[in-house]
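The next block holds one structure in the form of structure tokens; read it before the comments.
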Amino acid sequence: MILTGGPIPALRDEEHHPFAAAPKPKDRETPMSMTDPNDTASDTLPLRAQAIDLKDAVGRRSSDRIMPILLAAAAVISAGLVAFVVFFVAQKAWPTFVSEGHHFVTHGGWDGQIEGALSGAATIFFGAKPLILGTLYTTAGAVLVSLVLGLGCAIFIAELAPAWIRRPLETVVQLLAGIPSVVFGLVGLAVVVPFINNFILPGNAADVVTDIPLEGASMLAGILVLSFMILPFFVTVATDSLRAIPRSYIDGGLALGMTRWRTITRIQMPSAAPGLVAGLVLAAARGVGEAIALSMVAGAIAYVPNMNSGPLYFLLMPVRTMASAIVEIGGEAMNIPQVGSALFALAFLLLMISVVLSVIARWSFTLFNRRMGVVSGRKV
Amino acid sequence: MSDMSIKGRPHPASVVGTTFAWVAAALVATVCFFIIGFLVYQGSGAINWTFLTTDPQASLMAEQAGGIRVPFVGTAILILGSILVAFPLAIGAAVYLAEYMADDSWFTRTVRLGLEVLASVPSVVFGVFGLSVFTFSIFQGLSAQGAQGADTAFGRSFIVASIVMGIHILPFIIKVAEEAIRSVPKSLRQGALALGMTKWRTIRRVVLPSASPGIVTAVVLGMGLAAGDTAIVWLTLGGSINMAVDNWWNPSQWVEVLRGTGATLTTYVYFNSPAGEGNAPGMAFGAALVLIVLVLAFNLIAVYVGRRSANAGRR
């Protein structure tokens, strides 16, 4: 195992760990990884072999035997937890999916059904269409707003800002990411909702939309609050992606007579596109899972917004998202098996959306890193 | 900068775009400062010594609604508990990922994918998951007995919430800690190995101490996440505003406190907000201000320690 693999390519291999004469060398794909860059002193192979054998001998202490196993166990448990979560949620959701079938996603009437179930109705069925659409609309709206605002912000931080603004602004973005969702909800409830009610909602709203009271707590409020919650995650990733574009690309554009802005929009943004997409997808995943803030500002009524009265009223209608339905109804009500299973069905849908989004984000990152010539999935 | 076109006039698209970027950045900063400023404006009136040191009372009268001592202690318990749960697993996984794993095996890729998916699981899903898992009767030791009889557990307690929150913050801690471990210069490891240290000894005596600022950053970030989350706490801690036992400060009751329901600052804010049942917005703003000071302090510490360690690595 020691004699295979030329030392020269290994010396150039910066990514490998220098002391990878690992306890389990057979697991390695490339035996060359066990060469130390500082092994150059030993210019003959037998000497090198001796040195490594010695290290292996020293490595046969009990702690060096046990620790890798313990550490591997920690890694496997951590990563395996998600499988357990998915399995458990799926198993709990199963009765609902079996009994409701596709009606669960194509039919509405959630609020009444839950009320009925809680008051002990004999036949219960659930339709979560309003919740699914509510999640979809609010997340899509928030992703759109944070795409526009966040891209501007990321371009500013990565390229345009003078150094004295850039540092504090980056800290501000991190602060925004740290603000708890319940605080977003509270401020949204105290500021955004009254603002919409007083200034955006037309005075004759009650005559135009008759089937549901419009009171400011609406999809629009949800979108506004949610977009600022997910924006920092997009900005962070987008800034990093824009910065990762090699200077030579931009210099090439400038040398061809492009303006600075044009190099940003025509060179940097297209090159960074997979990174930007990844950031956006991560932001969307956060938006889909947001429960508390949306339950506070978006109306908390399982209602399907419609365009019958025009796009403005569409935005001013209340919605309830899947995540907020879980947090509002969950608790004591889960002791009723049907309600519990219906909530788990929502949780399962959320979980699947999150899994798909995180896989898409991972693909995008991989694509971006490959494009940037980064090996082994880590940015340099 | 070359905002000028060849003709020497500013290019219109350039001007519009640049202005837009400035405006977007200014707007984001304004919103952030507005939120903090608004909380200070609305919440500072509620904060006084009594508010911080009395327990909440279920009352519709704001004067009798008491203070936030229990939620504050609850947040502290939850932070400590979740870190206790997450830290050993997270450090173990981070060390393994950074030091032992081949970068390109299917095993590595599977573990990384698992962690990424775990990081993307919404906290509300963890909430119902935890609440349901810990109602199984074998977990009766972790929470009070279930209402329906002896075959279930109540499923809501500080222990349960800490475990679930620990799982929630785990992937974030792993990620930051792994970066920190990876950024330790190779020369340190080589030096230790050259002195005849074994691999594990090198990790324990050289790599981990050098990576400690980054690991502190990871833990502090995790604490901030734990302090700020509402959904998990609301579902797995019972959504009350007080501890399960009255004289919770008495050490003989501490086991019962940990096995009982409680409140944290986030659920207190949710409960007292106009959306909740308590409907004492003044109290909610006071608690939100305390909460945000706490969370922002955690984040600033993490940023500060992170930058210092980054600078130290560069030197």
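Bear in mind that the values in this text are calculations on the coordinates, not laboratory data. No experiment lies behind these values; they were computed from the predicted model shown. Methodologically, a virtual Cβ is constructed for each residue, glycine included, from the backbone with ideal geometry; neighbour enumeration extends over all protein chains shown.
Charged side chains reduced to their Cβ positions (Lys and Arg at +1, Asp and Glu at -1) give the stretch A:54-196 a dipole of some 620 debye around its Cα centre. Amide H contacts under 5 Å for B:Phe136: B:Ala153, restricted to partners 5 or more places along the chain or on a different chain, H placed in the peptide plane at 1.01 Å from N.
Residue-wise HN-Hα couplings along the stretch A:327-335, as the Karplus relation 6.51 cos²θ - 1.76 cosθ + 1.60 with θ = phi - 60° gives them from phi, are 6, 6, 8, x, x, 3, 4, 6, 5 Hz; Gly and Pro carry x.
Taking amide H as placed 1.01 Å from N in the peptide plane, the amide H of B:Gly66 sits under 5 Å from that of B:Gln57, each at least 5 places away or on another chain.
The 3J(HN,Hα) values that the Karplus relation (6.51, -1.76, 1.60; θ = phi - 60°) gives for the stretch A:344-356 are, in residue order, 5, 5, 4, 4, 5, 4, 4, 4, 5, 4, 4, 4, 4 Hz. Gly and Pro appear as x.
The label point for B:Ala194 and the one for A:Arg266, both projected 7 Å from the Cα toward the Cβ, are 5.2 nm apart. Where does the Debye-calculated log10 I(q)/I(0) of the stretch A:104-377 sit at q = 0.10, 0.13, 0.17 Å⁻¹, using only Cα point scatterers of equal weight, no solvent? So the normalised log intensities are -0.60, -0.91, -1.26.
Size descriptors for the stretch A:221-380, from the alpha-carbon set: Rg then Dmax equal 20.7, 69 Å. Relative contact order, whole percent, for chain B stands at 23, derived from Cα pairs under 8 Å and 6 or more residues apart. Each residue, A:Ile66 and B:Ser183, gets one label point 7 Å from its Cα in the Cβ direction; the gap between the two is 3.3 nm. The packing ranking of peptides A:83-89, A:139-145, A:309-315, highest mean first, is A:139-145, A:83-89, A:309-315, where packing means the average number of other beta carbon atoms within 10 angstrom of each residue. Evaluated at q = 0.10, 0.12, 0.13 Å⁻¹, a Debye calculation over the C-alpha positions of chain B (equal weights, vacuum) places log10 I(q)/I(0) at -0.73, -0.94, -1.03. The mean number of Cβ atoms from other chains found within 10 Å of a Cβ in peptide A:342-353 is 3, as a whole number.
Among B:18-25, B:291-298, the peptide with the highest mean count of other Cβ atoms within 10 Å heads the list, and the full ranking is B:291-298, B:18-25. Two tests apply to each whole DSSP H helix in chain B, Cα reach of 18 Å or more along its axis and mean Kyte-Doolittle hydropathy of at least 1.0, and the ones passing both are B:12-43, B:69-95, B:158-182, B:208-228, B:281-314.
Note on B:Thr217, B:Thr152, B:Thr261: ascending count of other Cβ atoms within 10 Å places them as B:Thr152, B:Thr261, B:Thr217, the fewest first.
B:Ser44 to A:Ala140: FRET efficiency via 1/(1 + (r/R0)^6), r the Cβ-Cβ distance, R0 22 Å, to the nearest 0.05? Between B:Ser44 and A:Ala140 the formula returns 0.05.
From most to least packed by mean Cβ count within 10 Å, the peptides A:164-173, B:167-176 give B:167-176, A:164-173.
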